[in-house]
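S.K.: Below is a structure I'd like to ask you about.
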Amino acid sequence: MAATQGWHSAQGRAFGGPLKYIQRAGEIDRLADHLRPLGSKAFLLVDGFVFEKLGPSILASLEGSGLGLTMEKFNGECCREEIDRVTAQVAEAKADVVVGIGGGKTADTAKLAAIANQARIAIVPTIASTDAPTSAIAVTYTPQGVFKESFMLPRNPDVVVVDSALIAKAPVRFLVAGIGDALSTWFEARSNLESRSDNFIAGGYPAPLAGIAIAKACHEVLMRDALAAKLAVEKGALTPAVENIIEANTLLSGLGFENCAVSAAHGIHDGLTVLEESHGFFHGEKVAFGVLCLLMLEGRPLAEIEETARFCQSLGLPTTLADLRLGKATAEDIERVAKAALKEGSITWRVAVPLSVEIVRDAIIALDAFTSSLFGAERRTV
């Protein structure tokens, strides 16, 4: 399969994103102000943990808003069964606004159900662990958590409402996972620019200058503020660095990946889901490992791979197969990952290097050997 996905005229380009993005401490208490302009009946799909902890307070904040309200607990997996269940409930409620409150899978399920019912879309992330909230893309899985397929939706969310104080109170692992996801933004944008692959806007166009600039800015913010943000959130503090990383994880990464596209870092993430041992890890944690594999696959200088690996290690992101509980994985296991990462239509094909199952398998094995040697040697000298 060719690496490119159809390059339009050099004069062509397209940019997309949500209609509005609002980030402020305490913003979830002002949710009614953002929903009223969208419709009169809101269907709230709420992540299970958030449903139990914040459900009553969310409903209380919406009392007196004049909105018809239906709240439903998300069952945890963005799979066909859950999508169909929520879609039917939105129809039954005659909702004209669907609100996804929680993580990336809650957001994607809400987006799909809203599109199916021709309803407006509001996304309220309660963690900054993925860049799903802003995009017109939804990723689906099997009920067991194995990657199935991605859908390009006809439109982005109407509004994304981010309560930075709420996100800063979540376990720090979520923020770090979001940094891992956002770390892929520039590296995968570079892949697509080199392979002249289209972005995800309006059927696919060359990346616009705005998208490229946002992807670069995302990377710069991560390198500058990620560690400071992690340390602050570990102490329950909301600082400018935390605000910057929330924006980078959610908005900059979301706009960057959609307008410049993704490649093998996410493709290898998808492949890793075939190994059950990886299912306990967050999307962004596996993507961070995929970033390192992408750099090895592309033959980037070892200095760049080492710099990126040290950045990941400083935050606690996976840098080796052992970090993903795959230390005992055989070459045959990694070949299964490579096969899944290279299935027909996979985004892995977007890299500008020759590809085969053996090449991807060996890149993963070589990356693991490099990082294991790098950090293992340091541990032995301590």
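S.K.: If a residue has to be not in a loop (DSSP other than H, G, I, E, B) and not β-branched (Val, Ile, Thr) to count, how many in segment 126-168 make the cut?
M.R.: Going through segment 126-168 one residue at a time, the tally reaches 14.
S.K.: Turning to a different aspect of this structure: Does segment 83-107 hold any residues that are open to solvent by 10 Å² or more (accessible area, probe 1.4 Å), touching a residue at least 12 places away in the same chain (Cβ under 8 Å) and assigned to a helix (DSSP H, G or I), and which are they?
M.R.: Matches in segment 83-107: Thr87, Gln89, Ala91, Ala93, Gly104, Lys105.
S.K.: Can Ser61 be described as open to solvent by 30 Å² or more (accessible area, probe 1.4 Å), at pLDDT below 95, touching a helix residue (DSSP H, G or I) at 6+ places or on another chain (Cβ under 8 Å) and more than 29 Å from Leu222 (Cα to Cα)?
M.R.: Against the criterion (open to solvent by 30 Å² or more (accessible area, probe 1.4 Å), at pLDDT below 95, touching a helix residue (DSSP H, G or I) at 6+ places or on another chain (Cβ under 8 Å) and more than 29 Å from Leu222 (Cα to Cα)), Ser61 qualifies.
S.K.: So, one more: Just wondering, is there one or more residues in segment 287-300 that are within 17 Å of Asp270 (Cα to Cα), open to solvent by 10 Å² or more (accessible area, probe 1.4 Å) and in a helix (DSSP H, G or I)?
M.R.: Yes, some residue in segment 287-300 is within 17 Å of Asp270 (Cα to Cα), open to solvent by 10 Å² or more (accessible area, probe 1.4 Å) and in a helix (DSSP H, G or I).
S.K.: Does Leu317 satisfy the condition of being at pLDDT 95 or above and either open to solvent by less than 20 Å² (accessible area, probe 1.4 Å) or in contact with an Asp or Glu (Cβ under 8 Å, 6 or more places away or on another chain) (or both)?
M.R.: So Leu317 fits the description; yes.
S.K.: Right, next: Out of the residues in segment 27-46 meeting the condition of being small (Gly, Ala, Ser) and within 20 Å of Ala107 (Cα to Cα), tell me which one is surrounded by the most Cβ atoms within 10 Å (Cβ to Cβ).
M.R.: This residue is Ala42.
S.K.: Another question, then. Considering segment 232-277 alone, what residues qualify as being of a type in the set (A, V, I, L, M) and surrounded by 24 or more Cβ atoms within 10 Å (Cβ to Cβ)?
M.R.: Selection gives Val233, Ile245, Ile246, Ala248, Leu252, Leu255, Ala261, Val262, Ala264, Ala265, Ile268, Leu272.
S.K.: Shifting gears a bit: So, in segment 96-126, exactly how many residues are modelled with pLDDT under 95 and out of contact with any Asp or Glu (no Cβ under 7 Å at 6 or more places or on another chain)?
M.R.: Count: 1.
S.K.: Against the condition out of contact with any helix residue (DSSP H, G or I) (no Cβ under 9 Å at 6 or more places or on another chain) and open to solvent by 10 Å² or more (accessible area, probe 1.4 Å), how does Ala303 come out, does it pass?
M.R.: Spelling it out, Ala303 is indeed out of contact with any helix residue (DSSP H, G or I) (no Cβ under 9 Å at 6 or more places or on another chain) and open to solvent by 10 Å² or more (accessible area, probe 1.4 Å).
S.K.: Here's something else I'd like to know. Looking at Glu335, Glu344, which one is in contact (Cβ under 8 Å) with a residue 12 or more places away in the chain, surrounded by fewer than 22 Cβ atoms within 10 Å (Cβ to Cβ) and part of a loop (DSSP other than H, G, I, E, B)?
M.R.: The match here is Glu344.
S.K.: Among the residues of segment 235-281, write down those that are farther than 30 Å from Gln23 by Cα and not in a helix (DSSP H, G or I).
M.R.: Hits for segment 235-281 are Thr273, Val274, Leu275.
S.K.: Now, a different point. Residues Lys169, Lys148: which one is farther than 14 Å from Gly16 by Cβ, in contact with a Leu (Cβ under 9 Å, 6 or more places away or on another chain) and surrounded by fewer than 18 Cβ atoms within 10 Å (Cβ to Cβ)?
M.R.: Lys169
S.K.: Here's a follow-up. Out of segment 347-375, which residues are among the charged types (D, E, K, R) and either at pLDDT below 95 or open to solvent by less than 40 Å² (accessible area, probe 1.4 Å) (or both)?
M.R.: Correct list: Arg350, Asp368.
S.K.: In segment 145-156, how many are over 17 Å from Val262 (Cα atoms) and either touching a Lys or Arg at 6+ places or on another chain (Cβ under 7 Å) or free of Cβ contacts under 8 Å to residues at least 40 places away in the same chain (or both)?
M.R.: Of the residues in segment 145-156, 1 are over 17 Å from Val262 (Cα atoms) and either touching a Lys or Arg at 6+ places or on another chain (Cβ under 7 Å) or free of Cβ contacts under 8 Å to residues at least 40 places away in the same chain (or both).
S.K.: Report the residue count in segment 108-124 for those that are open to solvent by less than 40 Å² (accessible area, probe 1.4 Å), touching a residue at least 40 places away in the same chain (Cβ under 8 Å) and of a type outside the set (Val, Ile, Thr).
M.R.: 6
S.K.: Assuming Ser197 fulfils every condition listed in (1) within 19 Å of the chain's Cα centre (by Cα); (2) surrounded by 24 or more Cβ atoms within 10 Å (Cβ to Cβ) apart from one, which condition is it?
M.R.: Result: Ser197 passes all but (1).
S.K.: If you don't mind, another one. Which of (1) buried (at least 24 other Cβ atoms within 10 Å of the Cβ); (2) more than 14 Å from the chain's Cα centre (by Cα) is the odd one out, the single condition Val176 does not satisfy?
M.R.: Here Val176 clears every test but (2).
The values are calculated or read from the model by the stated rules, or taken from the named source; none is laboratory data. Given the structure is predicted, the values throughout are model-derived calculations rather than measurements. All Cβ positions, even for glycine, are placed from backbone atoms using ideal geometry, and neighbour counts span all protein chains on display. Quick note on the areas: whole protein, heavy atoms, side chains included, nothing else; ligands and nucleic acids left out. Shrake-Rupley method; radii C 1.70, N 1.55, O 1.52, S 1.80 Å.
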